[in-house]
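Here's the structure, in structure tokens; my notes come after.
Just so it is clear, none of the values below were taken in a lab; they were calculated from the coordinates. Since this is a predicted model, take the numbers as computed values, not measurements. Glycine gets a Cβ as well: all are built from the backbone with ideal geometry, and neighbour counts include every protein chain shown.
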Amino acid sequence: MRLYLPTAAACAALALAWGASVPAVADNGPSVAFTMSDPRITESSGLAASRLHPGVYWTHNDSGDGPYVYAVDSATGKTLAKVTMRGIHARDVEAISLGPDGDLYVADIGDNLGGSWPEVWIYRFPEPKQLADRTVDVTRFTVKYDGGPRNAEALMVHPKTGRVYIASKNEDGGGLYEGPAKLSSHGVNVFRRIADVPWVTDGAFSPDGSRLVLRGYFWAIDYRWVKGAPQKIDELDLPMQPQGEGVTFTRDGKALMYSSEGNDSKVWRETLSGAELPDNVAGTGSSGARGASGGTGGPAEGATKTTHSTGSDKVVGIAVLAVIGAAGVSLRKLLRGRKD
């Protein structure tokens, strides 16, 4: 999501306020796993762990880039492949997810004016077996929401059923929308609201489909997925990031990876434990302590100096989010006034 000037100023205020309230050192919690070193990746808005290539993560920029998806090596932070989607004019790509069919789903669903686009799109193509720069053909799906247009930044494909979900974003919270049992490339796919959710910038299902994690700028929530609906478990630790917009489970489901917009963006790893763990790995005794290095998330960097969200941090974050929301509302009113 590209921030307007008033929003950017509010975020700058948040960085100062949060920096003053967060302890300098924490012994556990999320830790830096790797840094995206590619100068072309400046607005990472989505994240997905590769199934074919261990330790590789797929990401993309949002409205400032073209129809591109990047494969990043978590061991080095370097880009291994740039995939171009043939014949696509990318408007505001905000999310990426892998389906049970082995395909990547790329969501052009951003709408920074809060619901001005009558339709948005999802693009699908097989995850490349070889990591090299290439151009691929895609299947295009047209999407509309039951109840009218809205802004969204999160798309999740259930790893067992293949059903696609979108979480919308709004100052007063958003909604979780369910797509048809099977998307159709002919006609329009109507997504229907099935649950209320907070201000969401990304989301991800666990590899076994038993957990759904949704994140915003200042919080992340773990849900148990039961009969096609989310049941809240608890809030998760969340690293302090300039503009956190990506989350994915690691390939083994034992940890979460969080990404952010910005140059040389750091990707953080949070090792899960207890009820946070997906069903297929819970109780195996292999969850480890939070902040541990290794695994499919790549080696941790600077794991001994980790800052993460606490209760007081969230109070500051929520207060500034209110400022961001107010600035966004005023800006939209101003823009609409100019249109009139």
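Things worth noting here:
- Reduced Cα scattering model of the range 65-123, Debye log10 I(q)/I(0), q = 0.14 Å⁻¹: -0.48
- Percent of Cα pairs exceeding the 22 Å cut-off, where the set is the range 91-203: 27
- Amide H to amide H distances under 5 Å link SER265 with MET36, where only residues 5 or more positions off or on other chains count and H is placed in the peptide plane.
- Amide hydrogen neighbours beyond the local backbone of ASP103, cut-off 5 Å, H modeled: GLU127
- Among the listed pairs LYS144/LYS232; LYS160/LYS227; LYS232/LYS254; LYS82/LYS129; LYS160/LYS232, those with a Cα-Cα distance over 23 Å are LYS144/LYS232.
- For the range 91-147, the Rg and Dmax computed from alpha carbons only, in angstrom: 13.1, 41
- Reduced Cα scattering model of the range 206-262, Debye log10 I(q)/I(0), q = 0.19, 0.20, 0.31 Å⁻¹: -0.67, -0.73, -1.29
- Antiparallel beta bridges, as assigned by DSSP with both residues in the range 112-220, represent about 85 percent of the total such bridges.
- 5 angstrom amide H check on ALA81, placed H, neighbours 5+ away: ALA71
- Semi-axes of the equivalent ellipsoid for the range 143-244, Cα gyration tensor, largest first, Å: 22, 17, 11
- Whole-Hz ³J(HN,Hα) from phi, Karplus 6.51 cos²θ - 1.76 cosθ + 1.60, for the range 257-262, glycine and proline x: 10, 10, 10, 9, 6, x
- Karplus-derived 3J(HN,Hα), 6.51/-1.76/1.60, for each residue of the range 233-249, Hz, glycine and proline x: 9, 5, 7, 10, 5, 9, x, 6, 10, x, 7, x, 9, x, 8, 7, 6
- The phi torsions of the range 95-110, fed into the Karplus equation with coefficients 6.51, -1.76 and 1.60 and a -60° offset, translate into couplings of 7, 8, 8, 9, x, x, 7, x, 8, 8, 10, 10, 9, 8, 10, x Hz, rounded to whole numbers, with Gly and Pro shown as x.
- Rounded to the nearest 20 debye, the dipole size of the range 163-221 about its Cα centre is 220 debye, using +1 on the Cβ of Lys and Arg and -1 on the Cβ of Asp and Glu.
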